[in-house]
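What follows is a short report on a single structure.
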2 protein chains.
Amino acid sequence: MSKRMIACLKEKQVDHYPFWFMRQAGRYLPEYRKIRESFPDFLSFCYTPDAATEVTLQPITRFDCDAAILFSDILVIPDALGQEVGFTPGHGPKLRPIETAAEITRLEEKRAEEFLQPVFQAVRQIRKSLAEEKALIGFAGAPWTVACYMIEGEGSKEFAKARQFAYREPIAFSQLIDCLVRVTTAYLSEQIKAGADVVQLFDSWAGLLPPDEFKRWVIEPTQQIVSQLKTLHPDIPVIGFARCAGMMLADYANSTDVDGLGIDTSMPLIKAREAAPKQALQGNLDPLLLATDKARIMTQTKRMMKDMKGTPYIVNLGHGIVPHTPIDHVQAFCDTVREIRG
Amino acid sequence: MSKRMIACLKEKQVDHYPFWFMRQAGRYLPEYRKIRESFPDFLSFCYTPDAATEVTLQPITRFDCDAAILFSDILVIPDALGQEVGFTPGHGPKLRPIETAAEITRLEEKRAEEFLQPVFQAVRQIRKSLAEEKALIGFAGAPWTVACYMIEGEGSKEFAKARQFAYREPIAFSQLIDCLVRVTTAYLSEQIKAGADVVQLFDSWAGLLPPDEFKRWVIEPTQQIVSQLKTLHPDIPVIGFARCAGMMLADYANSTDVDGLGIDTSMPLIKAREAAPKQALQGNLDPLLLATDKARIMTQTKRMMKDMKGTPYIVNLGHGIVPHTPIDHVQAFCDTVREIRG
């Protein structure tokens, strides 16, 4: 049985409507919380292949989505590079922030691949357990977004420290981005070798950049990663998700050569389609609507599928599912997709 | 002597390049900090006409900008409506958040206008002291953004509580927005009667909304305010600043009938011009660039003026100036504008 995700992304087949949802292996699931509790530390949870395999498969078991996404975190990359990374419950990630250009040269690029072996092991196990018609999505944070955390040291509204570092130290910042391009390419390539059928680059903070910086720190590094991955693995589609790209979406789509485009909640799908006629689009139900209004979930899901009819489209959210989302809302979303695609 | 701002906004005269910058009366100025210190409470500072007048005029004295913007805060509206509002240094605003529909009906709409008299007094004093060729900009927060703070109770990355309230209680939320439309219209109308030559609506959190909600909570209320202001004061131009409107900019521009459009840092001015051919555009230098890189400030300012050549354009930032901005950077920005416009 062929994979809906691949038909949509690679062959650009229309009206297949594969669905999955960002952060589908997550805290809104009681079975996830149960496993999560047994790990005091979030990253050791990510690095335990059996645990990562189990939680990756949970949403497939429950909702029969068309794709599983590897359970991991974008900050395994800084961790692999030797930067101190921790997660404090309720406060998100804390990193020892990079403050000088010198610290960038001390990142331990060579150890990264070996360090990340448990992730590749998880990918192998997941692929083995997953039904053939389901796609396994590997992923990484895009260089700009990962660099944001590495410099800011934590989540932030504006990532002002990171953006200012890029202005003040463009050469050093460029070295950091280049390093992340290399490590991320190798990381995704290994995920593919281990069994990932698709990979997605998450650029959550792309929207914070002015147009020139967007080209330099979002488009160019993404372009480099995609082009290298295409050389190594010509059959593996890449999804790029430059959140809040706004009017830069067309540039991003045209320049990066991604096969699929994640669309955030703020963008009308029809306008995204005009801006990016070649790619499969993926998105963009508001996770807060999913958490709140069961009746509108169905209306909105139908409307997205109608708006994208006749074009390659992956039903998804516009951002990660939120922890307080009721399970029956997620079920309603999945049932609606299945009902319409027949 | 005629006002450059009015020529640009109302008569759509091109290549006048008026300039001012958002939050120009602010903490980056030592003379501002000196006055600020003498008020333990931020809102009493806003409500003291002599102090508000003095700080409003400070950037004009120093930089000879083409417009002064009333020194005040968008949260005087919830304060005037009887909601508890405070400012804790370093942490921004704190409001007693609205949690139920019932609390919305208890807002004291009738007392708002009387309560805000000190603001109108400040406008009268400023207009009296300001040179005739300088425009005085009055302003208010747009209903959506003010409602965000009223429900969230503080600044936030995502304003999830506010957005979820709008989903869960659309009727009550709509009542809140309607109340804010009425109060904001009256508030801006009184500012105009007191001497404001232009008014700006700040919708800082517009970009958080999906397209349907953007239409309902950003475009419609703005449209109502603008249409009522145009009836009352047909000669007074209105600038709308829907930050991070992204692909919704054209809809916002066409539907609201604003005379000028604030453009945030993320948007290429040339694409904004295509999306909104009728309006004067205002923006969009990155405040972090202004704070960081003196050489690039000049290059970037020249480039913005070149990109907007032959169209009505107000040179400005894409967001408020940040407190650590060196004064000589601001001076370089102003000098560049003056040098080019000759």
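The values are calculated or read from the model by the stated rules, or taken from the named source; none is laboratory data. For clarity, every value in this text was computed on a predicted model and none was experimentally measured. Cβ: placed from backbone, ideal geometry, glycine included. Neighbour counts: every protein chain shown.
Scan the stretch A:161-175 and tell me whether some residue there is modelled with pLDDT under 95 and farther than 19 Å from residue A:5 by Cβ. Looking for residues that are modelled with pLDDT under 95 and farther than 19 Å from residue A:5 by Cβ, one finds none in the stretch A:161-175, hence no.
If you check residue A:286 against the conditions, is it free of Cβ contacts under 8 Å to residues at least 40 places away in the same chain, closer than 25 Å to residue A:11 by Cβ, of a type in the set (D, E, K, R) and in contact with a strand residue (DSSP E or B) (Cβ under 9 Å, 6 or more places away or on another chain)? So residue A:286 fails the test.
Yes or no, residue by residue, for (1) within 9 Å of chain B (Cβ to nearest Cβ); (2) closer than 24 Å to residue B:162 by Cβ; (3) crowded, with 24+ Cβ neighbours inside 10 Å:
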| site | (1), (2), (3) |
| --- | --- |
| A:257 | no, no, no |
| A:268 | yes, yes, no |
| A:286 | yes, yes, yes |
| A:314 | no, no, yes |
| A:320 | no, yes, no |
| A:324 | no, yes, no |
| A:337 | no, no, no |
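Taking the criterion of being under 21 Å from the mean Cα position of the chain (by Cα), in a loop (DSSP other than H, G, I, E, B) and touching a residue at least 60 places away in the same chain (Cβ under 8 Å), the residues of the stretch A:303-320 that qualify are A:312, A:319, A:320. Among the residues of the stretch A:288-297, write down those that are within 9 Å of another protein chain (Cβ to nearest Cβ) and either buried (at least 19 other Cβ atoms within 10 Å of the Cβ) or of a type in the set (Val, Ile, Thr) (or both). Passing the criteria: A:288, A:289, A:291, A:292.
In the condition set (1) without any contact (Cβ under 8 Å) to a residue 24 or more places away in the chain; (2) within 14 Å of chain A (Cβ to nearest Cβ); (3) surrounded by fewer than 17 Cβ atoms within 10 Å (Cβ to Cβ); (4) of a type outside the set (Ser, Thr, Tyr), residue B:300 is compliant with all but (3). Within the stretch A:163-190, the set of residues being farther than 20 Å from residue B:323 by Cα, within 13 Å of chain B (Cβ to nearest Cβ) and touching a helix residue (DSSP H, G or I) at 6+ places or on another chain (Cβ under 7 Å) comprises A:169, A:173.
Residues that are within 14 Å of another protein chain (Cβ to nearest Cβ) and of a type in the set (Ser, Thr, Tyr): does the stretch B:224-238 have at least one? There is no residue in the stretch B:224-238 that is within 14 Å of another protein chain (Cβ to nearest Cβ) and of a type in the set (Ser, Thr, Tyr).
Restricting the search to the stretch A:43-100, which residues are surrounded by fewer than 20 Cβ atoms within 10 Å (Cβ to Cβ) and of a type in the set (Gly, Ala, Ser)? Once the filter is applied, which keeps residues that are surrounded by fewer than 20 Cβ atoms within 10 Å (Cβ to Cβ) and of a type in the set (Gly, Ala, Ser), the stretch A:43-100 yields A:44, A:51, A:82, A:86, A:90, A:92. Residues of the stretch A:191-247 that are among the aliphatic types (A, V, I, L, M), surrounded by 24 or more Cβ atoms within 10 Å (Cβ to Cβ) and in a loop (DSSP other than H, G, I, E, B): A:196, A:209, A:245. Against the test of being among the small types (Gly, Ala, Ser), more than 26 Å from residue A:229 (Cα to Cα) and away from every other protein chain (no Cβ under 14 Å), the options A:102, A:135, A:160 yield a single qualifying residue, A:102.
Considering each residue of the stretch B:311-322 in turn, none proves to be aliphatic (A, V, I, L, M) and in contact with a His (Cβ under 8 Å, 6 or more places away or on another chain). Report the residue count in the stretch B:32-42 for those that are exposed (fewer than 15 other Cβ atoms within 10 Å of the Cβ) and part of a helix (DSSP H, G or I). Selection size over the stretch B:32-42: 3.
Only one of (1) under 23 Å from residue A:63 (Cα atoms); (2) more than 11 Å from every other protein chain (Cβ to nearest Cβ); (3) basic (Lys, Arg) is not met by residue A:278, so which one is it? Of everything listed in (1) under 23 Å from residue A:63 (Cα atoms); (2) more than 11 Å from every other protein chain (Cβ to nearest Cβ); (3) basic (Lys, Arg), residue A:278 misses just condition (1).
Do the conditions hold for residue A:269, that is, is it under 30 Å from residue A:158 (Cα atoms) and without any contact (Cβ under 8 Å) to a residue 12 or more places away in the chain? Judged against the criteria, residue A:269 is not a match.
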